[in-house]
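Q: Before anything else, here's the structure in question.
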Amino acid sequence: MKPKQSPHILILGGGYVGLYTAWGLRRALPRGKARVTVVEPNPYMTYQPLLPEVAGGELDARSVAVDLTRALKGMDLFRGRLLSLDVAARTARLESLSGETSTVAFDHVVLAMGAVSRTFPTPGLADHGIGFKTLAEAVHVRNQVLGNIALAAAATDPEVRAKALTFVFVGGGYTGVEALCELSDLAKLAVDERPSLNRSELRWVLVEALDRVAPEVGPKLSKFTLAQLRERGIEVRLETTMKSCVDSQVILSDGSTFTTNTIVWTAGVKPNPVLDDTDVPRGPKGHVSANSKLQVIDDDGVPVPGVWAAGDNAQVPDTTAEKQPAFYAPNAQNAMRQAKVLAQNIAADLDGRPLTEFKHKSLGTLASYGVGRGAAVVLGIELKNRPAWIVDRMYHGLAVPTFNRKWHVFSAWIAGALSKRDLTALPGIEHPRRAFLETFEKKD
């Protein structure tokens with residue numbers, strides 16, 4: 001007689017939900033009660049709220065990257081990606097980093113694949129734009145800004161110089177505003193180091209389709225944020241869209257046109273498109289349909305046994321909101337808390353115990369606009385500039401997963417307060433073999 005195998009819990013994604021669900025299961029389940037596998041192509045989890053500070057040079061990239069091999073000790077980490085998911089058959093087809101494919105059976109599956117940048121078929125965007133959702137993108141944008149400042153300092157052609165010193169952000173949510181503020185501060189410091197350049201030559205343009213920026217912080221602080229941006233010399237084009245950017249020639253819906261080497265796209269997110277290769281029920285915007293217990297539900301609202309979802313790829317009802325129907329916003333605050341409840345519910349389901357509903361009243365919204373500046377709503381109280389910035393730093397410094405990363409973040413901030421900001425660009429890191437290959441070139 002074969003011994004009964006432990007249930008297999010498959011977690012698809014190693015971001016907030018994937019990591020915190022795995023940690024929750026490790027605490028909630030006795031050793032040997034279940035086997036947990038996390039599927040993630042990246043070797044690390046990124047703490048995304050601090051990407052603007054990575055781009056601005058206040059933090060090193062590794063400070064916001066949590067090593068999954070170490071964090072998931074005692075669990076299986078499958079470095080690879082999902083090819084397809086068959087909920088009815090309870091199987092997932094996976095592809096490893098080596099390109100080998102395999103079919104894995106599961107008893108429970110957690111859809112935690114997060115979101116990606118939401119883009120539109122804007123002519124030229126695929127060729128000249130870049131998102132701001134990943135660690136690699138944040139590092140690239142930093143290198144690009146500093147590289148273009150160096151290019152402008154060396155250029156004698158006024159058009160080349162103006163193009164290099166023009167930076168465009170499309171999307172005025174608080175993530176875009178945070179990144180723009182950090183990078184504009186960085187650019188000013190970099191320009192100050194070059195006698196041939198002047199801060200007045202820098203041109204930052206924020207394009208936003210709505211009639212306001214940073215709507216997440218509320219109407220009053222949104223107006224405050226707009227005033228802050230304009231006071232810093234940033235051109236804010238409200239109720240405007242980018243019609244085209246072919247050949248780096250930006251054409252806006254208000255009729256203005258100019259050239260730039262840098263277009264950063266921060267106009268929202270959408271559920272990970274890998275969900276298209278699954279048979280899970282989804283809502284009108286592509287999110288996985290879930291109930292308040294984080295169970296995936298079919299079109300009739302009936303839970304699909306053993307299938308769970310949370311975070312940015314899920315549509316989770318917010319039963320605490322006054323206006324219904326309402327759903328939780330796709331942010332780290334909700335994702336981490338949902339993951340903890342999700343882990344408890346999987347453990348409860350394995351034991352035949354009742355499940356818990358996820359209910360979380362938002363603690364507020366935080367936005368940092370560079371050192372000493374920001375906007376925040378904390379438990380209904382509005383904060384501006386330094387108080388908001390301090391709360392933002394304390395919250396995110398403590399929220400970064402693992403003590404090791406917390407130490408990296410706080411020590412970097414302390415060092416930054418006592419020294420000048422690092423202005424080193426590392427453009428060669430994106431093409432590391434170029435110098436080596438040049439040694440093989442034939443000489444005349």
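The values are calculated or read from the model by the stated rules, or taken from the named source; none is laboratory data. All values derive from a computational prediction rather than experimental measurement. Here the Cβ positions follow ideal geometry from the backbone for every residue, glycine too, while neighbour counts run over all protein chains shown. Heads up: the accessible areas ignore ligands, DNA and RNA and are worked out on the full protein's heavy atoms, side chains in. Shrake-Rupley method; radii C 1.70, N 1.55, O 1.52, S 1.80 Å.
Q: Suppose all protein chains stay in the model; what accessible area per residue would a 1.4 Å probe give for the chain, in Å²?
A: 49
Q: Taking the stretch 62-114, which trypsin sites (Lys or Arg not before Pro) meet the DSSP loop condition and have no more than 13 other C-beta atoms within 10 Å?
A: Listed in order of number, the matching sites are Lys73.
Q: Which distance in Å, rounded to a whole number, links the C-alpha centroids of the stretch 28-58 and the stretch 238-270?
A: Measuring centre to centre over Cα atoms gives 33 Å.
Q: Leaving out ligands, DNA and RNA, and with a 1.4 Å probe, what % of the accessible surface on the stretch 26-95 is carbon or sulfur?
A: Carbon and sulfur: 46 percent of the exposed surface of the stretch 26-95.
Q: Moving to a separate point now. Among the GluC sites (Glu not before Pro) within the stretch 163-219, which fall in a DSSP loop and have no more than 16 other Cβ atoms within 10 Å of their own Cβ?
A: Passing sites in the stretch 163-219 are Glu193.
Q: Another question, if that's okay. Based on DSSP H runs of at least 4 residues, each adding -39500 (n - 2.57), what is the mean residue ellipticity at 222 nm of the chain after dividing by all its residues, to the nearest 500 deg cm²/dmol?
A: Computed ellipticity for the chain at 222 nm equals -10000 deg cm²/dmol.
Q: Set Lys and Arg Cβ to +1 and Asp and Glu Cβ to -1, take the dipole of the stretch 248-391 about its Cα centre, and tell me which of Gly374, Val288, Ala343 lies farthest positive.
A: Gly374
Q: Would you work out the relative contact order for the chain, in percent, from Cα pairs under 8 angstrom that are 6 or more residues apart?
A: Relative contact order comes out at 18 percent.
Q: Something else about it: Top mean-square fluctuation among Ala209, Ala22, Ala89, Gaussian network model of the chain, C-alpha springs under 10 Å?
A: Ala89
Q: Same structure, new question: How about the stretch 265-321: which trypsin sites (Lys or Arg not before Pro) there lie in a loop by DSSP and see at most 13 other Cβ atoms within 10 Å?
A: Values: sites: Arg282, Lys285, Lys293; in loops: Lys285, Lys293.
When the trypsin sites (Lys or Arg not before Pro) of the stretch 265-321 are filtered for loop state and at most 13 Cβ neighbours within 10 Å, Lys285 remain.
Q: With only Lys, Arg, Asp and Glu charged, each at its Cβ (+1 for the first two, -1 for the last two), find how big the charge dipole of the chain is about the Cα centre; round to the nearest 20 debye.
A: Approximately 1340 debye in magnitude.
Q: Output the antiparallel fraction of DSSP beta bridges having both residues in the chain, as a percent to the nearest 5. Kindly include the intermediate steps, with their values, before the conclusion.
A: Values: 36 of 69 bridges.
Roughly 50 percent of the beta bridges in the chain run antiparallel, per DSSP.
Q: How would you classify the stretch 329-444 from its alpha-carbon gyration tensor, with a ≥ b ≥ c the square roots of the eigenvalues: rounded for a/c under 1.5, else prolate if a/b is greater than b/c, otherwise oblate?
A: oblate
Q: Nearest 10 degrees is fine. How inclined is helix 332-351 to the longest principal axis of the chain, computing both from alpha carbons?
A: It works out to around 10 degrees.
Q: I'd like to know which of Met75, Val109, Thr91 lies farthest towards the positive end of the charge dipole of the stretch 68-110, counting +1 on Cβ of Lys and Arg and -1 on Cβ of Asp and Glu.
A: Of the options given, the answer is Met75.
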